[in-house]
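Please read the structure below before turning to the comments.
The values are calculated or read from the model by the stated rules, or taken from the named source; none is laboratory data. These numbers come from a predicted model, not from an experiment. Counting neighbours? That spans all protein chains shown, and the Cβs are built from the backbone with ideal geometry, glycine included.
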Amino acid sequence: MAMLVAAPVLAQEQALGEKAPMITAPLMGIDGKANTLLNLKGDNGLLVIFSCNTCPFVVGNAHKTEGWEGRYNGLAELAESLNIGMVLVNSNEAKREGDDSLPAMKNHAMEAGYTMPYVVDEGSKLANACGARTTPHVYLYNSNLELAYRGSIDDNVNRAEEVKERYLDMAMRRMAEGKKIKTTETKAVGCSIKRVQR
């Protein structure tokens with residue numbers, strides 16, 4: 001007899017133009033301090049990337065892909081130059097006792113040389129509110145914390161030098177300049193966020 005396991009019901013992905021959810025909810029960082037989306041926001045907006053410690057689309061693997069993680073610090077530098085805040089959010093609640101625990105996040109951030117805040121999304125609540133599905137999954141909010149872009153970082157997870165379309169880079173630049181973003185959504189490609197089965 002087949003067993004049925006109830007999967008969590010995923011919210012509809014947040015619509016463009018909608019306000020960021022849970023902007024004052026505390027998110028524990030690897031530095032031991034609670035952050036909020038509101039206090040992480042820069043004058044020109046906030047970049048939220050749902051990420052983790054183990055997904056090959058994030059960290060890469062030795063043979064097939066370099067992953068997107070190696071581009072995080074470059075995005076952080078760009079964000080800072082454009083007065084856009086940035087945060088990495090780990091929503092893998094089902095792996096919180098293992099590879100995606102707070103101590104594991106801290107170790108991974110040190111090894112990867114992260115220069116941006118990395119926070120825990122307890123119970124995957126923020127991911128659920130945004131409708132985030134994958135690691136990585138990008139949400140870029142404008143100065144009013146309205147969703148301006150969502151999806152992928154660029155069009156090539158395998159090699160940065162082979163990227164043809166820098167979706168997020170262009171969206172950040174145009175948003176900061178007050179210009180219309182040409183590509184406002186792309187398909188997020190990555191591993192599924194590991195939510196707790198209920």
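Scan region 173-184 and tell me whether some residue there is part of a helix (DSSP H, G or I), in contact (Cβ under 8 Å) with a residue 24 or more places away in the chain and under 25 Å from Met22 (Cα atoms). Spell out how you get there, then give the answer.
From region 173-184, those part of a helix (DSSP H, G or I) are 173-176; that's our starting set.
The next check asks that each one be in contact (Cβ under 8 Å) with a residue 24 or more places away in the chain; those that pass are 173, 175-176.
Checking the rest, the ones that are also under 25 Å from Met22 (Cα atoms) come to 175-176.
Yes; the residues of region 173-184 include at least one that is part of a helix (DSSP H, G or I), in contact (Cβ under 8 Å) with a residue 24 or more places away in the chain and under 25 Å from Met22 (Cα atoms).
Please go through region 121-137 and pick out each residue that is among the charged types (D, E, K, R) and touching a strand residue (DSSP E or B) at 6+ places or on another chain (Cβ under 9 Å).
Across region 121-137, the qualifying residues are Asp121, Glu122, Arg133.
Answer with yes or no whether Val163 is within 26 Å of Asn61 (Cα to Cα) and in contact with a helix residue (DSSP H, G or I) (Cβ under 6 Å, 6 or more places away or on another chain). First the steps, then the outcome.
Numbers: within 26 Å of Asn61 (Cα to Cα): yes; in contact with a helix residue (DSSP H, G or I) (Cβ under 6 Å, 6 or more places away or on another chain): no.
In short, no.
The single condition among (1) at pLDDT 95 or above; (2) among the hydrophobic types (A, V, I, L, M, F, W, C); (3) surrounded by fewer than 21 Cβ atoms within 10 Å (Cβ to Cβ); (4) under 30 Å from Glu161 (Cβ atoms) that Ala25 does not meet is (4). Identification of helices (runs of 4 or more DSSP H) wholly contained in region 14-100 with 1 or more residues that are closer than 22 Å to Arg195 by Cα and touching a Pro at 6+ places or on another chain (Cβ under 7 Å) yields 56-59. Residue count for region 46-93, restricted to those that are within 27 Å of Met175 (Cβ to Cβ) and not aliphatic (A, V, I, L, M): 21. The set of residues from region 79-93 being among the polar types (S, T, N, Q) and surrounded by 21 or more Cβ atoms within 10 Å (Cβ to Cβ) comprises Asn90, Ser91, Asn92. Would you check if Leu75 is under 18 Å from Ile181 (Cβ atoms) and out of contact with any Gly (no Cβ under 7 Å at 6 or more places or on another chain)? So Leu75 fits the description; yes. Among the residues that make up region 163-186, is at least one of them small (Gly, Ala, Ser), closer than 12 Å to Pro136 by Cβ and at pLDDT 95 or above? Within region 163-186 (the criterion being small (Gly, Ala, Ser), closer than 12 Å to Pro136 by Cβ and at pLDDT 95 or above), the answer is no, since none of the residues qualifies.
Which of the residues spanning region 101-120 are surrounded by fewer than 24 Cβ atoms within 10 Å (Cβ to Cβ) and touching a residue at least 60 places away in the same chain (Cβ under 8 Å)?
Selection gives Leu102, Lys106, Ala109, Pro117, Val120.
Quick check on region 5-22: of everything there that is under 22 Å from Asp100 (Cα atoms) and exposed (fewer than 11 other Cβ atoms within 10 Å of the Cβ), which residue is modelled with the lowest pLDDT? In this case the residue turns out to be Ala7. Taken over region 80-123, the residue count meeting the criterion of being more than 17 Å from Thr135 (Cβ to Cβ) and hydrophobic (A, V, I, L, M, F, W, C) is 3.
Arg71 meets all of the listed conditions (1) modelled with pLDDT of 95 or more; (2) loosely packed, with under 14 Cβ neighbours inside 10 Å; (3) under 17 Å from Gly190 (Cα atoms); (4) not β-branched (Val, Ile, Thr) but one, namely (2).
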